[in-house]
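Right, one structure below, let's go through it.
The values are calculated or read from the model by the stated rules, or taken from the named source; none is laboratory data. As the structure is a computational prediction, the values presented were derived from the model and not from experiment. Counting neighbours? That spans all protein chains shown, and the Cβs are built from the backbone with ideal geometry, glycine included. Areas reflect the complete protein model, heavy atoms only, side chains present, ligands, DNA and RNA absent. Shrake-Rupley method; radii C 1.70, N 1.55, O 1.52, S 1.80 Å.
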Amino acid sequence: MADSWATPRGEPGQRRAGGPAGPGADLHLDLPRGGGTGVRAALIRALRDAVRTGRLAPGTRLPSSRSLAADLGIARNTVADAYGELVAEGWLTARQGSGTRVARRVVPPEPAPPRTPPLAASRPAYDLRPGSPDVSAFPRSAWLSAARRALTAAPNDAFDYGRPAGRPELRRVLSDYLARARGVRAAPERIVICAGFVQGLALLSRVRAKAGHREVAVESYGLDIHWNVLRGAGLRTVPLPVDRQGARTAEVDRLPGTRTVLLTPAHQFPTGVPLVADRRAAVVDWASRVGGLVLEDDYDGEFRYDRQPVGALQGLDPEHVVYLGTASKSLAPALRLAWMVVPDHLMDDLLAVKGTGEWQSGALDQLTLAEFIDSGAYDRHVRGMRMRYRRRRDQLVAALAARAPEVRITGIAAGLHAVLELPPGTEWSVVRGAAWQGLALEGLARYRYREAERPDEPGPGGQPDALVFAYGAPPEHAFPGALEALCRVLP
Ligand SMILES: Cc1ncc(COP(=O)(O)O)c(C=O)c1O
């Protein structure tokens, strides 16, 4: 097949955006090589298809037979014949002076019915489920200038296949940043860039499974997508109970088959408590005693409002803790950029696994992030967002005190969500009532590891009835409305 791009020429002055297939719009036609009647028939078929599917809209002016013939490398007569045939069939019109056009009466194709109902129909007025930051605050112009600078300075090899560990520029910059901001001991050679925390977790799961591990301890409250990632690699998940001091890490000692623990130490997700000092020490001691590995999910470590955030657990024992950070909360989930700081002894295995499929994240975004951090724009952005989220949390606290005194905010002043403790037995009805009011909220039970239920403790899994309220998610202008809507559904 000759694969050719033909350009329907527009009239001088025709507006590209307004007129269908204006000047420069390309028409892709697949034609068999050679000539004769086969080509003529194929051209007729290709043009008919283009009209039928709407690629050539009614009224579009086609290229002259001479120029289309030249573009396609076929005889001019063949094109003229094909046009003549399609005019006779009513697909095209030919008028002296205005060339050959797609007939106006050709009915454009019906748009394909959407596979799911349109989002707008089911979209809640306020989506207050945790997961995303205020994406409307993405620092577009600062990111754009960083991208421009990064692209200008990028060495040629940045446009080639890269290394699975990621761009050296970003690994270098992150090494300084993580040491300074999170107390992570991170030589650039031990940093691996990945496409979000989720990809990092998937890679580490495969490394552990390949090394013969069969089990991972997880917190009894968390994200099922993460548990499913672990299971997808063939690992069994075992819950560690979570209480007001974080995960009960000492219990990992009672799991003889477990050598890996996944934790959110700085700000337990979703309960919002930090892992207390003795439990931090206990899990690091356990790991060094049994040759275990702690996977530290530091998803929102930059956002603490009442004091300096607790440093990363990794700083205590870099040989037994993998630190995982992400740009999903601090910048935007759509970037799909995250980083792992990996113990020496795991590095080769991890890169071997990464090199088989995932390979590398987009190099230009990596270079942009490196430039963004290096220029100070990242710190400025995080500082600005910290103030914004802090203000919202303060407004939430004040609103609860005034409007819903029975509801208590628990967990530390950190992150992008808060846990709102409800009167016993009311969680389900509040979540349902909120949905009726167009308010998407999650109850704490949504994040409970099912097997962790302990009937002897208050509330399911030892936690009270509560809402997980993502005050960080709405755009700034929508936050007062969201807060008002929340207060209306609270008991
Ligand atoms: C607990 C937790 N960990 C990690 C992440 C970040 O995931 P990713 O980097 O894959 O976007 C999130 C984001 O919502 C999260 O809630």
Scope segment 304-336; condition farther than 24 Å from A281 by Cα and touching a His at 6+ places or on another chain (Cβ under 8 Å); matching residues: S330, L331
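Matching residues to (1) closer than 24 Å to H267 by Cβ; (2) at pLDDT 95 or above:
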| site | (1), (2) |
| --- | --- |
| D379 | yes, yes |
| D394 | yes, yes |
| H417 | yes, yes |
| E442 | yes, yes |
| E453 | yes, no |
| E457 | yes, no |
| C487 | no, yes |
| L490 | yes, yes |
Residue list for segment 403-415, filter: surrounded by 21 or more Cβ atoms within 10 Å (Cβ to Cβ) and closer than 16 Å to L444 by Cβ: V407, G411, G415
Some residue of segment 195-205 being β-branched (V, I, T) and either away from the ligand (no atom under 16 Å from the Cβ) or in contact with a Phe, Trp or Tyr (Cβ under 7 Å, 6 or more places away or on another chain) (or both): no
Residue count for segment 258-274, restricted to those that are in a loop (DSSP other than H, G, I, E, B) and within 16 Å of the ligand (Cβ to nearest atom): 11
Within segment 244-257, considering residues that are within 31 Å of the chain's Cα centre (by Cα) and at pLDDT 95 or above, the one farthest from P464 (Cα to Cα): T249
Counted residues, segment 333-361 - those being open to solvent by less than 10 Å² (accessible area, probe 1.4 Å) and either under 30 Å from R388 (Cα atoms) or near the ligand (Cβ under 10 Å from one of its atoms) (or both): 5
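Yes/no per residue for (1) more than 16 Å from the ligand (Cβ to nearest atom); (2) at pLDDT 95 or above; (3) not assigned by TED's automatic domain parsing to the domain that holds G415:
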| site | (1), (2), (3) |
| --- | --- |
| V284 | yes, yes, yes |
| R289 | yes, yes, yes |
| V294 | no, yes, yes |
| D297 | no, yes, yes |
| D306 | yes, no, yes |
| P309 | no, no, yes |
| E319 | yes, yes, yes |
| T326 | no, yes, yes |
| K329 | no, yes, yes |
Those residues of segment 47-88 which are closer than 11 Å to T100 by Cα and either open to solvent by less than 10 Å² (accessible area, probe 1.4 Å) or not basic (K, R) (or both), in sequence order: G59, T60, L62, P63, S64, S65, A80, Y83, G84, L86, V87
Sole exception among (1) more than 16 Å from the ligand (Cβ to nearest atom); (2) small (G, A, S); (3) touching a strand residue (DSSP E or B) at 6+ places or on another chain (Cβ under 7 Å) for A277, by number: (3)
Helices (runs of 4 or more DSSP H) (entirely within segment 152-244) containing at least 3 residues that are in contact with a helix residue (DSSP H, G or I) (Cβ under 6 Å, 6 or more places away or on another chain) and not hydrophobic (A, V, I, L, M, F, W, C): 168-182
Residue match in segment 223-237 (condition: away from the ligand (no atom under 15 Å from the Cβ) and aromatic (F, W, Y)): no
Pairs, first farther than 17 Å from D298 by Cα in segment 189-208, second more than 12 Å from the ligand (Cβ to nearest atom) and among the aromatic types (F, W, Y), C-beta under 7 Å, six or more apart: none
